[in-house]
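What follows is a set of notes on a single structure, which appears directly below.
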Amino acid sequence: MSDLPQLDPARSALRHHVLTHSLKTGSFTLKSGRASSWFLDAKQTSCRADGIILVADVALSFFPSTVTAIGGLTMGADPVAYGIAAVAATRGLSLRSFSVRKEAKDHGVTGRIAGALQVGDKVVITEDTVTRGTSIFEAVDAVQAFGAEVVLITVMVDRGGTCAEMARQAGISYIPMLTAPDLGYEFGS
């Protein structure tokens, strides 16, 4: 993998962590049903203290100054959103975090949003790994229906390459922390 693209120091450190802890090679069937020679268990990075600090280093370098909250569809977004919010707090940036439930609750705190999201928040939607973008946009729709504004979408690793166009069509900025080519693979492989 010596032919990997050059990255800035923060992304390079994150890539090293992902390649060391999260990347699995072999024969896999992805959630989409496609076969792949590689799989990312991104939680092996986002659920380690040293990994989430690297994720936050990259993400916080490009967050708009107007951002007030971060979250996404549970389960993939949870450690990323909560970790970035916690690290941001140590750096003087207060972000509320939240999860978007897969289904609405009808008791207790109702609806699909769980956490500290408030109406009018400027939101970053996040995810650990994206292939097609459907989970991302399920979260975008839920957050917009709640009454908050999505100003940025970011993911730890974009393995599919289609989310950027979906975000462009929706008029939302999209900045992945890493992409499949950054890890030495083609999009969609």
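The values are calculated or read from the model by the stated rules, or taken from the named source; none is laboratory data. A quick note: this is a predicted structure, and the numbers were derived from the prediction, not measured. Here the Cβ is made from the backbone with ideal geometry for all residues, glycine too, and neighbour counts use every protein chain on show.
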Expected single match for basic (Lys, Arg), touching a strand residue (DSSP E or B) at 6+ places or on another chain (Cβ under 7 Å) and more than 15 Å from residue 155 (Cα to Cα) among 31, 43, 24 is 24
Residue check, residue 42 among the aliphatic types (A, V, I, L, M) and under 17 Å from residue 11 (Cα atoms) = yes
Residue hits (region 11-35; assigned to a strand (DSSP E or B) and either surrounded by fewer than 13 Cβ atoms within 10 Å (Cβ to Cβ) or not hydrophobic (A, V, I, L, M, F, W, C) (or both)) are 24, 25, 26, 27, 29, 35
Within region 120-154, the residues that are without any contact (Cβ under 8 Å) to a residue 40 or more places away in the chain, under 20 Å from residue 66 (Cβ atoms) and out of contact with any Phe, Trp or Tyr (no Cβ under 7 Å at 6 or more places or on another chain) are 120, 140, 144, 146, 147, 149, 150
Checked region 94-112 for anything modelled with pLDDT of 95 or more and either surrounded by 16 or more Cβ atoms within 10 Å (Cβ to Cβ) or part of a strand (DSSP E or B) (or both); matches are 95, 96, 97, 98, 99, 100
Residues in region 143-160 that are assigned to a strand (DSSP E or B) and closer than 17 Å to residue 187 by Cα total 5
Taking region 26-58 and keeping only residues that are modelled with pLDDT under 95 and hydroxyl-bearing (Ser, Thr, Tyr), one is left with 27, 29, 32, 36, 37
The residue from 127, 138 that alone is surrounded by fewer than 23 Cβ atoms within 10 Å (Cβ to Cβ), in contact with a strand residue (DSSP E or B) (Cβ under 6 Å, 6 or more places away or on another chain) and not in a loop (DSSP other than H, G, I, E, B) is 138
### Message
over 16 Å from the mean Cα position of the chain (by Cα) and of a type in the set (Val, Ile, Thr): is that true of residue 74 in this structure?
### Response
no
query: Residue check: is residue 61 under 16 Å from the mean Cα position of the chain (by Cα), polar (S, T, N, Q), crowded, with 17+ Cβ neighbours inside 10 Å and modelled with pLDDT of 95 or more?
result: no
Checked pairs for region 20-32, first closer than 13 Å to residue 43 by Cβ, second in a loop (DSSP other than H, G, I, E, B), C-beta under 8 Å and 6 or more apart or across chains, list as 21/48; 22/41; 22/42; 24/41
Taking region 164-182 and keeping only residues that are surrounded by 17 or more Cβ atoms within 10 Å (Cβ to Cβ) and touching a strand residue (DSSP E or B) at 6+ places or on another chain (Cβ under 6 Å), one is left with 164, 167, 172, 174, 175, 176, 177, 178, 179
Scanning region 36-46 residue by residue, those crowded, with 17+ Cβ neighbours inside 10 Å and in contact with a helix residue (DSSP H, G or I) (Cβ under 7 Å, 6 or more places away or on another chain) turn out to be 40, 42, 43, 44, 45, 46
Note on region 75-85: residues of a type outside the set (A, V, I, L, M) and modelled with pLDDT of 95 or more are 78, 79, 82, 83
